[in-house]
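> Let me give you the structure first, and then I'll get to my questions.
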Amino acid sequence: MKAFYALLLTLLLPLVNGQVYHWGPCPDPSVQLNFDIQKYLGRWFEIQKLPTSFEKGKCIDANFSVRTDGSIKVTNSEFRRGKVKSIEGTAVVQDLRQPAKMGISFSYFTPYSTYWILYTDYVNSALVYSCTDVLRLFHVDFAWILGRARILPVATINSGKIMFMSNNIDVSKMIATDQKGCDKEQ
Ligand SMILES: *[C@@H]1O[C@H](CO)[C@@H](O)[C@H](O)[C@H]1NC(C)=O
């Protein structure tokens, strides 16, 4: 059976190339209690992340705001090949009893991917986790340490990593996002 899974994984691997995957279904980490989206609104800078195939630029940030219809708009921006590129998405809370477990979609055609706030103090930092389950055989992890400023103290980054690890999320492959020279270029 293991050989079959290995074969299947080899076939699926191009899908997750360059990303972090692990055997088994997505974990179920604890999330921020009484999460308040109103306090989470505004701009968050990406400080560190698990590598993803879709974010390659620098100066990456996300701006959460409320549209006139009450929905939550998320604008992700990055600086890449000399230009600021932005993409607009929508965040939803799927279960009001679990407001920290949001879903985000960046296109009408793509399903909502999980966007779970494991921790935030709203004013300095946030820990975000997303997981994609592939046939419950393996899962692809995404994790971000976000800051309200472009730089976070090393101690905040380290305690964030410890919190991910205590939820069985492997963040050993996390990489820092380049946030240098951004305010001049934008
Ligand atoms: C964030 O989005 C809001 C609403 O669209 C906008 O008014 C604000 O200027 C944006 N902030 C940044 C830093 O882009």
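The values are calculated or read from the model by the stated rules, or taken from the named source; none is laboratory data. Bear in mind the structure is a predicted one, so any value in this text is a computation, not a measurement. All Cβ positions, glycine included, derive from the backbone under ideal geometry; neighbour counts span all protein chains shown. Just the protein is used for accessible areas: all its heavy atoms, side chains included, with ligands, DNA and RNA removed. Shrake-Rupley method; radii C 1.70, N 1.55, O 1.52, S 1.80 Å.
> Just the residues that are within 13 Å of the ligand (Cβ to nearest atom) and either under 14 Å from the mean Cα position of the chain (by Cα) or open to solvent by 30 Å² or more (accessible area, probe 1.4 Å) (or both), please, taken from segment 43-59.
R43, W44, F45
> Given E88, E46, which one is closer than 24 Å to D170 by Cβ, in contact with a strand residue (DSSP E or B) (Cβ under 7 Å, 6 or more places away or on another chain) and modelled with pLDDT of 90 or more?
The match here is E46.
> With a cut-off of at least 3 residues that are open to solvent by 70 Å² or more (accessible area, probe 1.4 Å) and not aliphatic (A, V, I, L, M), name the strands (runs of 3 or more DSSP E) lying wholly within segment 68-186.
Result: 83-93.
> Which residue pairs have Cβ atoms under 7 Å apart, sit 6 or more places apart or on different chains, and have a first residue in segment 12-30 that is modelled with pLDDT under 80 and a second that is of a type in the set (G, A, S)?
These pairs meet every condition: N17/S53; G18/S53; Q19/S53.
> Within segment 128-156, which residues are among the β-branched types (V, I, T) and within 15 Å of the chain's Cα centre (by Cα)?
V128, T132, V140, I145
> How about segment 27-42: which of its residues are farther than 30 Å from L137 by Cβ and either away from the ligand (no atom under 16 Å from the Cβ) or among the β-branched types (V, I, T) (or both)?
Once the filter is applied, which keeps residues that are farther than 30 Å from L137 by Cβ and either away from the ligand (no atom under 16 Å from the Cβ) or among the β-branched types (V, I, T) (or both), segment 27-42 yields L33, N34, F35, D36, I37.
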